[in-house]
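Remarks on the structure that follows.
The values are calculated or read from the model by the stated rules, or taken from the named source; none is laboratory data. None of these values were measured; they are calculated from a predicted model. Here the Cβ positions follow ideal geometry from the backbone for every residue, glycine too, while neighbour counts run over all protein chains shown.
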Amino acid sequence: MVSLEVEFKNLLTSVEFTRIESQFAFAPPFKQTNYYFDTPDQKLQQHHCGLRIRIYMDHAEQTLKVPTAREKRGQHELLEITDNLTMAQAGTKQIQPDGAVATALNDRQISLSDLQIFAEATTIRRIAELDVGELTLDQTTYPNGRIDYELELETKQPELAQQFYQTLLQRDQIPQRAVTNKISRAVTNH
C-alpha cells in the first residue's frame, strides 16, 4: 500500500501533552514498538528515507517513508510505502523480501541483506478523529529511559489543518518547536 502523508508536528512538554489530551475525545491509547533500519553506511539516511517495522498488539507492518519535494515550514509531506506483516514475520525483526517496501528499496539499490536495526522506540499513542484529520498524541520511551511527547495532525486537507493546528498552538500557548523525526530521536536516545 502506498499513501501520501501530510502532517503537522510539534514536540510538547508533559504538561502541554496532558492539557491537549483533556480537550479532545481521544480513543483509548494503544502501544506500538518501532524498529528502525538502515545500512551500515546509512544509505537510507542519505536518501532522506526512513524504514521501520512497527509491531502492535495484534498485527504488524513494515514501512518505508520517502520525502516528497513539497515540504513546507511546519508541514511534512511523505510518501509512505507499507506492507502488512504477520506477527511471526515481524518477530524476525527483518524486512520481508516480498512486497512494495522491498521493491522500493531495490529501486534505490538498497540490499535487504545490508539492513540492520540501529534504533528502537515504544510509543503509547492516542488518536482523536477530527474534521480536519487525525490528531495524535504520542508518548515515546527510548531504550535509555528518556520519554518525549509529540503532537501530530495528519490530514488530507492541508490548508484547513494548518489553520486548526496554528490556532491550537496559539490558544494553548505552545511554542512551535523544531521537530526531529522519531528515527533521529531514537538514535540519540538508544
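Okay, here's what the table says:
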{"quantity": "Inter-residue pairs, beta-carbon under 7 Å, first of a type in the set (A, V, I, L, M, F, W, C) and in segment 47-68, second surrounded by fewer than 20 Cβ atoms within 10 Å (Cβ to Cβ) and in a loop (DSSP other than H, G, I, E, B), 6+ apart", "calculated": "ILE53/LYS93"}
{"quantity": "Residue within segment 62-74 that is among the β-branched types (Val, Ile, Thr), modelled with pLDDT under 95 and surrounded by fewer than 16 Cβ atoms within 10 Å (Cβ to Cβ) present", "calculated": "yes"}
{"quantity": "Residue satisfying all of: in segment 1-46; of a type in the set (S, T, N, Q) and over 23 Å from ALA100 (Cα atoms); surrounded by the most Cβ atoms within 10 Å (Cβ to Cβ) among these", "calculated": "ASN10"}
{"quantity": "Residue within segment 117-133 that is part of a loop (DSSP other than H, G, I, E, B) and either closer than 21 Å to HIS59 by Cβ or touching an Asp or Glu at 6+ places or on another chain (Cβ under 9 Å) (or both) present", "calculated": "no"}
{"quantity": "Set THR167, THR155: member being polar (S, T, N, Q) and closer than 18 Å to LEU78 by Cβ", "calculated": "THR155"}
{"quantity": "Count of segment 145-182 residues which are part of a helix (DSSP H, G or I) and within 19 Å of PHE118 (Cα to Cα)", "calculated": "1"}
{"quantity": "Verdict on GLN23 being modelled with pLDDT of 95 or more and part of a strand (DSSP E or B)", "calculated": "no"}
{"quantity": "Given (1) more than 25 Å from GLU77 (Cβ to Cβ); (2) of a type outside the set (Phe, Trp, Tyr); (3) loosely packed, with under 15 Cβ neighbours inside 10 Å, number of the condition GLU120 does not satisfy", "calculated": "(3)"}
{"quantity": "Residue match in segment 122-138 (condition: hydroxyl-bearing (Ser, Thr, Tyr) and out of contact with any strand residue (DSSP E or B) (no Cβ under 7 Å at 6 or more places or on another chain))", "calculated": "no"}
{"quantity": "The one condition in (1) at pLDDT 95 or above; (2) in a strand (DSSP E or B); (3) among the aliphatic types (A, V, I, L, M); (4) surrounded by fewer than 17 Cβ atoms within 10 Å (Cβ to Cβ) that ALA88 fails to fulfil", "calculated": "(2)"}
{"quantity": "ARG185 vs. criteria surrounded by 13 or more Cβ atoms within 10 Å (Cβ to Cβ), among the basic types (Lys, Arg), in a helix (DSSP H, G or I) and out of contact with any helix residue (DSSP H, G or I) (no Cβ under 7 Å at 6 or more places or on another chain)", "calculated": "yes"}
{"quantity": "Inter-residue pairs, beta-carbon under 6 Å, first at positive phi and in segment 118-134, second among the charged types (D, E, K, R), 6+ apart", "calculated": "GLY133/GLU154"}
{"quantity": "Filter result (modelled with pLDDT of 95 or more, under 20 Å from GLY50 (Cα atoms) and surrounded by fewer than 18 Cβ atoms within 10 Å (Cβ to Cβ)) within segment 125-155", "calculated": "THR141"}
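Per-residue answers, yes or no, for (1) at pLDDT 90 or above; (2) more than 26 Å from GLN139 (Cβ to Cβ); (3) in a loop (DSSP other than H, G, I, E, B); (4) not small (Gly, Ala, Ser):
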site: ASN10; (1), (2), (3), (4): yes, no, no, yes
site: ASN84; (1), (2), (3), (4): yes, no, no, yes
site: ASP98; (1), (2), (3), (4): yes, yes, yes, yes
site: THR103; (1), (2), (3), (4): yes, yes, no, yes
site: ASN106; (1), (2), (3), (4): yes, yes, no, yes
